[in-house]
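Quick note: the coordinates plus some simple rules give every number you see, no bench work behind them. If you're wondering where the values come from, they're calculated on a predicted model, not measured in any experiment. Every residue, glycine as well, gets a Cβ built from its backbone with ideal geometry; the counts of neighbours run over all protein chains shown.
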Amino acid sequence: MSTAPLLELRGINLSFKGVKAINDIGFSVAAGEICALIGPNGAGKSSLLNIINGVYRAQQGHIHFDGQLRRQMHPYAAARAGIARTFQNIALFKGMSVLDNVLTGRTLQRRSTWLEQALRIGRASREDVTQQAAADKVIRFMHLEPWRDTPVGTLPYGLQKRVELARALAAEPRLLLLDEPMAGMNAQEKGEMSDYILEINRAFGTTVVLIEHDMSVVMGISHHVVVLDYGRKIADGTPEQVRRDPHVIAAYLGSRH
Ligand SMILES: Nc1ncnc2c1ncn2[C@@H]1O[C@H](COP(=O)(O)OP(=O)(O)OP(=O)(O)O)[C@@H](O)[C@H]1O
């Protein structure tokens, strides 16, 4: 794992109608690491992911991604730069097959125009073949072959979460943002999802920032943990350092879960 930061946040502030959701937050994420963002409900974790991929605009602060200063991230620019994400509530096309959902993750890899794609001519028809091969590779990696042609909406919840991860992976991201990838899962499903995240990190060197509430999962898969409480960063370090931090213990003992 490299120690050069892939992502650096400095002095990030975000308010909603005068209510501070993010208060002067800064931290770095090294290239190749798995970084967990933890904290009680409403601490500002999802808002921070939304700032990193440009869904929200921070009122103050800046982001360095891959050494480039970005005063604000724009969602399209973030995707182009190699940032992909999954959502707390599954955001898939439920009537479409697993393959077609994973293919939507390949949109930015296409070079043909929308007209060529609509008419399936020229580059578009050649691209269909290569994009499908790439999507199938991801489907195999995520062990989703038995459900390749199944409509996503008919799959059990745990598998839908896996499809969502597969779609994000299909974009070949350098940074993967995962918003509660194990929410609502049983222990076995959480174990499987943890293994997929570790395997993606190992196989492709993908940097991961994830939000997770289950402490055994966080401590088991993260290299780095950032703790938020009431929109402020209260700890930042290795899982071992964070586990012993008195501010973290206080926040969790007094947690509003
Ligand atoms: N779009 C929005 N409009 C208004 N307030 C918002 C919006 N998004 C988040 N907030 C507020 O910002 C604060 C931080 O919320 P956020 O969802 O980022 O926390 P969180 O740590 O992800 O919580 P959870 O673990 O419950 O998902 C909360 O007070 C929330 O109500």
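Remark on S222: its backbone amide H falls under 5 Å from none of the residues 5 or more positions apart or on other chains, H modelled at 1.01 Å from N. Normalised by residue count, region 137-176 yields a Cα convex hull volume of 69 Å³ per residue.
From the helices alone, meaning DSSP H stretches of at least four residues, give me the mean residue ellipticity at 222 nm for the chain, per-run term -39500 (n - 2.57), in deg cm²/dmol to the nearest 500.
Result for the chain: -11500 deg cm²/dmol, rounded to the nearest 500.
Maximal additional length on extending the K20-M96 stretch stands at 23.5 nm, based on 0.36 nm per residue less the C-alpha distance. All C-alpha to C-alpha distances of region 145-257, sorted into 10 Å bins beginning at zero, yield P(r) values of 12, 40, 32, 12, 3, 0 percent in whole numbers. From largest to smallest, the equivalent ellipsoid semi-axes obtained for the chain from the alpha-carbon gyration tensor read 32, 22, 16 Å.
Under 8 Å for C-alpha pairs, at least 6 residues apart: give me the relative contact order for region 139-229, rounded to a whole percent.
Numbers: 62 pairs, mean separation 24.4, N = 91.
Once normalised by length, the contact order is 27 percent.
Against the compact-protein benchmark of 2.2 N^0.38 Å, the Cα-based radius of gyration of region 9-89 scales to 1.05.
Each DSSP beta bridge with both residues in the chain is either parallel or antiparallel, and the antiparallel ones are about 55%.
Round to the nearest 10 and give me the degree value, 0 to 90, for the angle of helix 157-170's Cα axis relative to the longest principal axis of the chain. Taking Cα atoms only, the helix is inclined about 80 degrees.
Pairs of Cα atoms nearer than 8 Å and 6+ residues apart set the relative contact order; for the chain it is 27 percent. Each Lys or Arg adds one and each Asp or Glu subtracts one; over the other residues with Cβ under 10 Å from the Cβ of K45, this totals -3.
When peptides 6-15, 54-63 are sorted by average Cβ neighbour count within 10 Å, with the highest value leading, the order is 6-15, 54-63.
To the nearest ten degrees, helix 123-141 and the longest principal axis of the Cα atoms of the chain are 50 degrees apart. Taking Cα centre as origin and charging only the Cβ of basic (Lys, Arg, +1) and acidic (Asp, Glu, -1) residues, the dipole magnitude of the chain rounds to 780 debye.
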